[in-house]
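The values are calculated or read from the model by the stated rules, or taken from the named source; none is laboratory data. Just so it is clear, the structure is predicted and the values come from calculations on it, not from any experiment. All Cβ positions, glycine included, derive from the backbone under ideal geometry; neighbour counts span all protein chains shown.
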Amino acid sequence: MQHVSSRQLSSNEFSHALLVSLILCLIISRHPSDVNVSDGKTKLRRTPMLMMCVCRTPNILSIDWLEQSAKEQYVLETDDFLLLNDKEAEKTYNFSMRTTIENGKTARMTSGGVLGGWAVYICRGVAGKNAPSSKEFSLLIEAAGATMLRNLDDVPTPDKTIVITSDPLTDDQRLEEGVEGATGRGAKLFTTTWLFHSTIITQQMCIDGKGQSTPTSGKQGRKQPQKAVKFSPESGGSRKSSRK
């Protein structure tokens, strides 16, 4: 690509390029607490970035927001650019983006995130196998408001601890050091399907007294028993939505 210096740009062109650069810096910052922008060309996929963003922000937006903000040379309000009409993705993952956004707002306000107040341990053999990497898991659990546990040697509050396994649970994970002791003292044992499909993507945490996921009271519609759903590697964004 040929380098073009700022002296070769008109004042308007330079301002436009500067604004785009500033907004992009905002988007790719380590904590995506402000916006997540889709290219509007491909369907929504349950990637690590999307899951982190629905935990952090209500602003899951079309690329039109970025383009129009640059055109107007100021950051536009986001309400008219929300990605709310990807029916195919909503059917695939059994959720409503509109409801997820509202649930996320409530979770962040009341408990600091959908997993706020909980500690989470990821069993060996989970990360990287149809699931995020270890680093992505840490960022996702943090974004959801929980504390990431590196081991189960000392669990101060077992009744507020979640142990995540593969789906299906393997014998090695069931017998992993500390798992039986933690669950025997009240820790909840869940699969990645529960974490990604029933909790993160809906921004609702549903647990009964025995640590099993339970149907919601209607906010995400009637939930059906979930099969293991393969995790989508990080890739292109979401389908374009119509504006309000």
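Contact list please: Cβ distance under 9 Å, first residue in the stretch 81-104 and more than 17 Å from Trp194 (Cα to Cα), second residue of a type in the set (Asp, Glu) and modelled with pLDDT under 85, pairs at least six apart or on different chains.
Sorted first by the residue in the stretch 81-104, then by its partner, the pairs are Phe81/Asp64; Met97/Asp86.
Quickly run through the stretch 167-184 and pick out the residues that are in contact (Cβ under 8 Å) with a residue 24 or more places away in the chain and not in a helix (DSSP H, G or I).
The answer is Asp167, Pro168, Thr170, Glu176, Glu177, Gly178.
What number goes with the only condition from (1) farther than 30 Å from Ser62 by Cα; (2) of a type outside the set (Phe, Trp, Tyr); (3) surrounded by 21 or more Cβ atoms within 10 Å (Cβ to Cβ) that Ser198 does not pass?
(1)
Take the residues in the stretch 164-178 that are exposed (fewer than 13 other Cβ atoms within 10 Å of the Cβ) and not charged (D, E, K, R); name whichever of them is nearest to Trp194 (Cα to Cα).
This residue is Pro168.
Within the stretch 149-163, can one find any residue that is surrounded by 13 or more Cβ atoms within 10 Å (Cβ to Cβ) and within 19 Å of His197 (Cβ to Cβ)?
Yes - at least one qualifying residue is present in the stretch 149-163.
Could you list all residues from the stretch 107-117 that are assigned to a helix (DSSP H, G or I) and free of Cβ contacts under 8 Å to residues at least 60 places away in the same chain?
If we filter the stretch 107-117 for residues that are assigned to a helix (DSSP H, G or I), which is where we start, we get 107-111.
Listed by number, the residues that qualify are Arg108, Met109, Thr110, Ser111.
Could we say that Val120 is surrounded by 14 or more Cβ atoms within 10 Å (Cβ to Cβ), touching a residue at least 12 places away in the same chain (Cβ under 8 Å), out of contact with any Phe, Trp or Tyr (no Cβ under 8 Å at 6 or more places or on another chain) and within 30 Å of Gln173 (Cβ to Cβ) here? Can you show your working first?
Working: surrounded by 14 or more Cβ atoms within 10 Å (Cβ to Cβ): yes; touching a residue at least 12 places away in the same chain (Cβ under 8 Å): yes; out of contact with any Phe, Trp or Tyr (no Cβ under 8 Å at 6 or more places or on another chain): yes; within 30 Å of Gln173 (Cβ to Cβ): yes.
Answer is yes for this residue.
For the stretch 84-100, give me the residue count where each residue is over 15 Å from Arg45 (Cβ atoms), of a type outside the set (Val, Ile, Thr) and not in a loop (DSSP other than H, G, I, E, B).
The number of residues fulfilling the criteria is 1.
Restricted to the stretch 66-83, and to residues that are crowded, with 19+ Cβ neighbours inside 10 Å and under 20 Å from the mean Cα position of the chain (by Cα), which residue is nearest to Arg45 (Cα to Cα)?
Kept after step one, since they are crowded, with 19+ Cβ neighbours inside 10 Å, are these residues of the stretch 66-83: 66, 69-70, 81-83.
Next, from what is left, pick out any that are under 20 Å from the mean Cα position of the chain (by Cα): 81-83.
Numbers: Phe81: 18, Leu82: 16, Leu83: 12 Å.
Applying the filter and picking the extreme gives Leu83.
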